């Protein structure tokens with residue numbers, strides 16, 4: 001029955017992910033959509049991440065693991081490596097501490113199979129807090145952008161990396177994620193904007209299908225200035241497509257965004 005179904009390649013970079021990676025992998029194993037491959041790239045972890053990955057790979061041949069000899073310093077590098085090794089019609093991204101609900105892949109693949117004009121889709125998510133509780137439903141209804149969404153997405157970075165699925169042909173046409181170290185940890189948003197310039201993007205409506213893990217507030221606060229710098233750099237990179245007025249509004253909004261994000265993680 002799986003013969004005629006498209007293969008989905010799940011892309012997961014992992015660095016010192018021993019604490020949460022099992023839960024992440026289990027959420028893929030539990031998907032109602034069974035025709036997938038999961039490519040996990042260990043970005044030179046110093047904990048037992050690789051040992052955990054090997055156990056799963058030995059049990060299920062759909063899980064393929066790779067290991068770097070040195071840390072790349074930028075998630076785009078292991079993501080791109082996995083994309084190059086993947087074989088799926090669709091590329092789905094999943095961070096090593098996030099969790100998918102069971103029908104995430106099925107609902108997302110069905111949407112994209114039903115409309116070939118959709119180049120990229122994303123699902124709703126809830127925050128998974130450090131105490132295990134689940135909070136909220138995001139993006140909010142007014143921010144569930146669809147269609148040619150470059151300008152609204154440029155102004156509001158509402159798409160979570162682990163919520164995204166992209167047609168393989170899009171990467172063949174536009175190229176892979178930018179590996180510039182200055183964009184590290186924001187290269188996903190940079191890629192979504194690049195896609196949204198000319199391609200249709202749609203949201204899978206309904207209940208959240210992703211649990212986005214948050215925490216480590218102190219770490220984020222220490223890197224808040226770097227986060228803002230990366231976001232401003234992305235805004236500048238895409239400013240020629242957005243226009244001067246929207247660029248200025250964007251820079252101002254990022255100060256507000258970072259402040260609100262820090263409050264959420266308290």
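Specify whether the C-alpha gyration tensor of segment 13-147 places it in the rounded, prolate or oblate class, a ≥ b ≥ c being the square roots of the eigenvalues: rounded for a/c under 1.5, otherwise prolate if a/b is larger than b/c and oblate if not.
Values: a/c = 1.68, a/b = 1.36, b/c = 1.23.
Prolate is the answer for segment 13-147, as a/c is 1.5 or above and a/b outweighs b/c.
Got the relative contact order for segment 1-106 handy, in percent, Cα pairs under 8 Å and 6 or more residues apart?
Values: 193 pairs, mean separation 47.2, N = 106.
In percent, rounded to a whole number, it is 45.
Per residue, the convex hull spanned by the alpha carbons of segment 76-220 comes to 122 Å³.
Using only DSSP helix segments of four residues or longer, with each worth -39500 (n - 2.57), what per-residue ellipticity at 222 nm results for the chain after dividing by its residue count and rounding to 500? Each step should come with its number before you reach the end.
Details: 11 runs with 109 residues, N = 266.
Calculated from helices alone, the mean residue ellipticity at 222 nm is -12000 deg cm²/dmol.
When 90, 189 are sorted by how many other C-beta atoms sit within 10 angstrom of their C-beta, beginning with the fewest, the order is 189, 90.
Taking the mean number of other Cβ atoms within 10 Å as a proxy for protection, how do you rank 68-76, 227-235 from highest to lowest?
Details: 68-76: 16.2, 227-235: 18.2.
Highest mean packing first, the order is 227-235, 68-76.
Length gained on full extension, residue 106 to residue 185: 25.7 nm, using 0.36 nm per residue less the C-alpha separation.
Just so you know, all these numbers are worked out from the coordinates, no wet-lab data involved. It should be emphasised that the depicted structure is a prediction, and the values quoted were computed from it without experimental measurement. Ideal geometry is used to build each Cβ from the backbone, glycine not excepted, and the neighbour counts take in all protein chains shown.
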